[in-house]
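Take a look at the structure below.
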Amino acid sequence: MQTSLIQNAHNDLVTDASYDLYGLQLATCGLDQRIKIWSLDESSGNASWNLEDDWKAHEGALTKVAWAHPEFGSIIASASFDRTVKVWEQVAVDTDQQVNGSGPQSGSRWVERAVLTDAKGSVRAVEFAPHHFGLKLAAISTDNHLRIYECLEQPSLSSWQSAEEVDVPALPSATQHSVTGAHATATATPTQTTSALDGASAIASSMTMLAQQQQTQTPSRPGAGSREADGGWCLSWCKDRHWGEIIAVGCGVSGVVKIIQFSPSHRPVTLLTLESTSAPQTNTPPTRPTGITHAQIVASSSTPETSTPFAVTSVAWAPSCGRSFHLVATGSRDGRVRIWKLRPGMQADEQPQADNAGDGTEERWTATLVAEFDDHKSSVGRVEWNITGTILSSAGNDGRVRLWKQTMGNVWRAAGQISVEQTEERSQDPDIDMDENAGAE
Amino acid sequence: MSTCVSLIPPLFEESCLEDYLKSGRTVSFTLRPTANELALFATPLDADFRTGQPTSQNYPKEQDVYVTCWDEVPTSERRLFITDTSIIFAAFRALVDHVKTNEPELMRAMEYMTAFRKLAGDYITHIQECWVHASQTISRPQEDTRFTGEHYRSMYTSLSIFQTLYLPEEGIDDVPVGDELLEWLNTHFIEPSTEEGDQLSALEKPWEDETFWQYLIRVTLRGLTKSSIFFLQALSQHPSEHLQMISEKLVSILEKHPRQKNYATEKEFFTASRRWKDRAKALRLELDRVPDDDRQDEFENWWDNISDLLGIIEGRAEVLQRVCVELGGDWKEIICTWGVWIDVGLRRAELPDIAGRVMYDVPSDPSSKEDSLHADLFLGRPLQALSVAHDIDVWLAAHLADIMIPLGLLDSETDDESKLTIRDQYVIAYADYLQSDPGLWRHTVDYLCSCGPVGHQMADEILLRVPLRLEESAGKHDAETSDGDLAEVVKDINNTCFEYQREPVRRMICKVAAQKLVMMKKYGLAISYCLSAEDWPGLGRIVDRVLNEYIAHGPSRFTSLVADIAPSLQELQVEPGPHGVFVQRLKFAVRYAEFHHRSRSGAVDYAALDLISMFEEDLAPKSWWGVLLNDSTPFLQNESTLYFSAADASLLLRRLEEVKIQTDHGYGDDYLGVLARTMNLTGAKEALKRLDVLRICLARYFARCILKGKSRIV
């Protein structure tokens, strides 16, 4: 049921939108280089979204807008083709001098707090870390680099330190060897206090990584990461505190999502690689998920065309809410929505005891593909979970948003769709009165 | 839920997806964290779009954003139903939890089963009311399109048969169930209609009507003895003497039809039933003796019909089944009359077997979810039943599953991986639906919190997103006294958090509230929330913000803001805790405001005491020393009064010296930064110069002290 329509929201296509934690404010951004903030007004009995603020935010089209946890204030980050990430804060009008835009007379304005300019290519995605890790954000750009920034001065928000920078394709995939290898590296250099990739040992290990990467890469892949058009696509933080800072990243055209863990004590590690290409059985990493059991899954062996390289353009990590596993959804250009079930490995302080060794607890992370849908029949541009991780939604080039729900027996099933295509029946639909859904000014 | 929502205005014509994509567009969306809504918008097709330069646009310049809900938002009637039944749900949970904790082995004892039955009955009553209400309002156009009268009717029949089958009266299930099943059938699937009966009874020779025999057989089958007898008696006018005689005997048989409720013991009932059937069998012999040429009247073969009727009374299963089908009845009619005519001792435990056999010949209607659900319940397949119930209404599946647990119909073990039971999964699915109305958050939380640790964490996500409505409460607050009251909504959330022991999320909510109030400059309230969250660093940050107000706007605004936060200091001093450093900072802010207040209101003596005490008690942060020293100058310059003792003056001198030394060492900003900002100076060096005046003043002050003999210099 359509509840509202924001008419003429932007003067060009909208590239992203994001609600605040409460769903009472909506930030939108677009090709028009502007960010707009809309706030919900329910006073009239009908929900309407009123323009609260509007400003030119970047020198290029915007790609993403993301909210920080309100514990830190009213803060958003935006990413753009101008190769920057900017941090904005909503402030009460009278205290700040530098204001943007010319929104209506509300008691607050959004001000620019920081501009992060490290990316050597368009920044495609930005997302704040879960609040328990502090005020941090991660950004991925077409230069293949995943960068994590931490805010050093919280009230002023002006100083952001680059905490991590990872060349995603160069980080070895999580083969069984590379995972244990990474652990070995970490313990072998206990004196290393910095996680930055500098210093002789880091260079040496980067070389090793590169070598490993070259070994594991399929020669037939058309220069993954070589063109800006490929590069980094998407990222999503693991919402759970227990496992430390972990990010799922989609990068390049190899159809792979890397699950990367960041820790102050060792350099970033690929915990797991979610790889859905399948056909040639050679050169398949041992962690390639196996045990696909559900009938819902489009068996990958029956779709040989999936061996064609494709980009994973959207990834979403579901809130785990205390489940023993994680769910990560991906949407990619091969037209598939996939749901992966990730089982965490043991943490360093949970080494197997003599009496529980061999009880099936894996030391490393494992993943299983639990659902795969080709209903969009065309490139999937976005996947997103609801707040409890029970409903997945996806959008594709079939012009539809589709919903997916888990049913009994852990089978995921289509649970509805939303279309913008004209239907005959709709033109007679009497129950939505356009005039009641007031747009912005 | 599995339907397609179409948005207005459409972005492309029917079957014109190709053209839409060619124009360089596709769609994208974002989920709203509440209300089961999403915002949908047209977005560039090629994610490699480079710049925002207006390209050769094949689409309109103005772009809309659509907001849509994927569930039907509950109407007021539905909301009432949800709210009312949640009370029963809570009572049911409380009872189950009580038994589980105290006497788990008695879960299925008579006493508790009776209580469960009663609560299930309460659900049924509410559904019945909804059915009646929704049926009456069907003509109103704005009413619910999904939850119609018919919808509630199917829930009503389903939950009723569940109660009949699985929640027997007084908790005794090992008793004949025939009468109860027939009663359910007669209540929910009324046949034949009263109108038919009225029409026939108005006729002088009803047997001449084509519906007569069907009607007579069906009322008999349904145990509606009065109607059967009435029309059998009408046959006394029939031209056939044989029929007159037989119908008279049938009347006397039916009049004595033994019903379970009339017998004290099952044995007596069975004996009576057997003897009664023998009478029917005797009548069969007489019926067979009717000559062939008298078996038909001008309208119908009465003999065949009477034979069917007698066959049912005799307890012939094949006759009952055939007749039911001929009458347009379904498997339900066969099974629900089975226990009255075929096997009067029919037990609940035997039903799945009988139902299976009957449905083999007369299958359930796969196109009707209601019929499928009934079938699964009769067949004793709770899992399948829940799956169908879920398709009918998530409410039904959740509440059925909830009742099934104490009855032992479902596995109560949690799944190893998901840490949820089957019941939990259905209850969570219902909670998902409840989210479509954010106003129902308390119910969403109640239901989720019945689903183990995972459900509790899901509830946290809901609690965290309840709008705090601080603007409204803060506005109200201004009008009243600033007693540090929390907003109503926050109190409400706090209570829910306490009830379910969700302390971390409660603190987070208070922390966020404090953050929002700081932005609104409601510092007093913000501190109340900080205290409630025990967020001491947050408290420190608020005090810093208040002190910043002094830097930015000077003393008058500062003192009024501190008046707002001062009461919380008393509260803090009463409760000692691990928050010393932050309380210290708050103390400083309060004392410093007091100082300004006193010096402006003429209590200069006391102001001087305040000033000195801030140094003496080490209240003042080093960054504020410069400001305090500068503040002391006018007191020292006062020609008429010596406000400080010589010891006080020498303390000021020592602090001044320390500031000078540290500035010389390059740490001036740590001591003079704030002073420099309040006086708009370029830096510490310049600020230090301003304090030169103080040095001279102090020298003169000491001289005056000696002259007045106030004290000796330390």
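Name the residue that is nearest to the chain's Cα centre (by Cα), counting only residues in the range B:189-208 that are surrounded by fewer than 20 Cβ atoms within 10 Å (Cβ to Cβ) and touching a residue at least 40 places away in the same chain (Cβ under 8 Å).
B:PHE189
Is it the case that B:GLU268 is among the charged types (D, E, K, R) and under 55 Å from the mean Cα position of the chain (by Cα)?
yes
Considering only residues that are surrounded by 18 or more Cβ atoms within 10 Å (Cβ to Cβ), modelled with pLDDT of 90 or more and over 25 Å from B:SER436 (Cβ atoms), which ones fall in the range B:46-100?
B:GLN63, B:VAL96, B:VAL99, listed by residue number.
Could you run through the range B:478-522 and say how many residues are more than 16 Å from B:SER568 (Cα to Cα), modelled with pLDDT under 85 and touching a His at 6+ places or on another chain (Cβ under 9 Å)?
1
I'm trying to understand the selection: among the residues of the range A:112-144, which are over 16 Å from the mean Cα position of the chain (by Cα), within 22 Å of A:ASP230 (Cα to Cα) and of a type in the set (D, E, K, R)?
A:ASP118, A:LYS120, A:ASP143
Which members of the range B:209-247 meet the condition of being basic (Lys, Arg) and open to solvent by less than 40 Å² (accessible area, probe 1.4 Å)?
Across the range B:209-247, the qualifying residues are B:ARG218, B:ARG222.
May I ask you to verify whether B:LEU106 is touching a Gly at 6+ places or on another chain (Cβ under 7 Å) and either at pLDDT 95 or above or in the same structural domain as B:ILE405 (by TED's automatic domain parsing) (or both)?
Judged against the criteria, B:LEU106 is not a match.
Out of the residues in the range B:422-446 that are in contact with a Leu (Cβ under 7 Å, 6 or more places away or on another chain) and closer than 27 Å to B:ALA109 by Cα, which is surrounded by the fewest Cβ atoms within 10 Å (Cβ to Cβ)?
That would be B:ILE422.
Return a yes/no flag: does the range B:611-633 have any residue that is among the hydrophobic types (A, V, I, L, M, F, W, C) and open to solvent by 20 Å² or more (accessible area, probe 1.4 Å).
no
Just checking: which of the strands (runs of 3 or more DSSP E) contained wholly in the range A:23-70 hold 1 or more residues that are touching a residue at least 12 places away in the same chain (Cβ under 8 Å), open to solvent by 20 Å² or more (accessible area, probe 1.4 Å) and more than 22 Å from A:ASN386 (Cα to Cα)? Quick ask: steps written out before the conclusion?
Working: elements: A:25-30, A:34-41, A:48-56, A:62-67.
Strands (runs of 3 or more DSSP E) meeting the threshold: A:34-41, A:48-56.
So if I check each of B:SER418, B:SER387, which one is closer than 25 Å to B:GLN128 by Cβ and within 12 Å of chain A (Cβ to nearest Cβ)? Please lay out each step first, then the result.
Numbers: B:SER418 fails: closer than 25 Å to B:GLN128 by Cβ.
The unique qualifying residue is B:SER387.
From the list B:GLN321, B:GLN296, which residue is outside any loop (DSSP other than H, G, I, E, B) and not basic (Lys, Arg)?
B:GLN321
Results for (1) of a type in the set (Phe, Trp, Tyr); (2) in contact with an Asp or Glu (Cβ under 7 Å, 6 or more places away or on another chain); (3) at the interface with chain A (Cβ under 7 Å from one of its Cβ atoms), shown as yes or no for each residue.
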residue: B:THR3; (1), (2), (3): no, no, yes
residue: B:ILE8; (1), (2), (3): no, no, yes
residue: B:PHE12; (1), (2), (3): yes, yes, yes
residue: B:GLU18; (1), (2), (3): no, no, no
residue: B:LYS22; (1), (2), (3): no, no, no
residue: B:VAL27; (1), (2), (3): no, no, yes
residue: B:THR34; (1), (2), (3): no, no, yes
residue: B:LEU38; (1), (2), (3): no, no, yes
residue: B:ALA42; (1), (2), (3): no, no, yes
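Report the residue count in the range A:386-402 for those that are more than 7 Å from chain B (Cβ to nearest Cβ) and open to solvent by less than 10 Å² (accessible area, probe 1.4 Å).
Residues meeting the conditions: 4.
Okay, residues lined up against (1) at pLDDT 95 or above; (2) within 14 Å of chain B (Cβ to nearest Cβ); (3) assigned to a strand (DSSP E or B):
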site	(1), (2), (3)
A:LYS86	yes, no, yes
A:GLN105	no, no, no
A:ALA114	yes, no, yes
A:ALA125	yes, yes, yes
A:ALA138	yes, no, yes
A:LEU146	yes, no, yes
A:GLU150	yes, no, yes
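I'd like the full set of residues that are touching a residue at least 12 places away in the same chain (Cβ under 8 Å) and within 11 Å of another protein chain (Cβ to nearest Cβ), limited to the range B:59-74.
B:TYR59, B:GLN63, B:ASP64, B:VAL65, B:TYR66, B:VAL67, B:THR68, B:CYS69, B:TRP70, B:ASP71, B:GLU72, B:VAL73
Checking the conditions here, which among B:LEU636, B:LEU642 is in a helix (DSSP H, G or I), surrounded by 18 or more Cβ atoms within 10 Å (Cβ to Cβ) and of a type in the set (A, V, I, L, M, F, W, C)?
Of B:LEU636, B:LEU642, the one residue that is in a helix (DSSP H, G or I), surrounded by 18 or more Cβ atoms within 10 Å (Cβ to Cβ) and of a type in the set (A, V, I, L, M, F, W, C) is B:LEU636.
Looking only at the range A:10-43, which residues are at the interface with chain B (Cβ under 7 Å from one of its Cβ atoms) and either within 30 Å of B:ALA513 (Cα to Cα) or among the polar types (S, T, N, Q) (or both)?
The answer is A:ASN11, A:THR15, A:ALA17, A:SER18, A:TYR19, A:LEU21, A:TYR22, A:GLY23, A:LEU24, A:LEU26, A:THR28, A:GLN33.
Restricting attention to the range B:589-610, which residues are of a type in the set (A, V, I, L, M) and either in a helix (DSSP H, G or I) or in contact (Cβ under 8 Å) with a residue 60 or more places away in the chain (or both)?
B:ALA589, B:VAL590, B:ALA593, B:VAL604, B:ALA607, B:ALA608, B:LEU609
Give the number of residues within the range B:266-279 that are over 17 Å from B:GLY339 (Cβ atoms) and open to solvent by less than 60 Å² (accessible area, probe 1.4 Å).
1
How many of the residues in the range B:321-333 are open to solvent by less than 20 Å² (accessible area, probe 1.4 Å) and more than 20 Å from B:THR211 (Cβ to Cβ)?
Total meeting the criteria: 2.
Which condition number in (1) surrounded by 20 or more Cβ atoms within 10 Å (Cβ to Cβ); (2) outside any strand (DSSP E or B); (3) of a type in the set (Gly, Ala, Ser) is the one that A:ALA77 fails?
That leaves (2) as the condition not met.
If we keep just the residues of the range B:13-40 that are farther than 19 Å from A:TRP67 by Cβ and small (Gly, Ala, Ser), which is most open to solvent (accessible area, probe 1.4 Å)?
B:SER15
Go through the range B:400-419 residue by residue and tally those that are open to solvent by less than 70 Å² (accessible area, probe 1.4 Å), part of a loop (DSSP other than H, G, I, E, B) and of a type in the set (D, E, K, R).
Counting residues in the range B:400-419 that are open to solvent by less than 70 Å² (accessible area, probe 1.4 Å), part of a loop (DSSP other than H, G, I, E, B) and of a type in the set (D, E, K, R) gives 2.
The values are calculated or read from the model by the stated rules, or taken from the named source; none is laboratory data. Remember, predicted model here, so these are calculated numbers, not experimental data. FYI the Cβ positions are ideal-geometry reconstructions off the backbone, even for glycines, and counts take in every protein chain you see. Side chains are part of the model used for accessible areas, which takes the heavy atoms of the whole protein and leaves out ligands, DNA and RNA. Shrake-Rupley method; radii C 1.70, N 1.55, O 1.52, S 1.80 Å.
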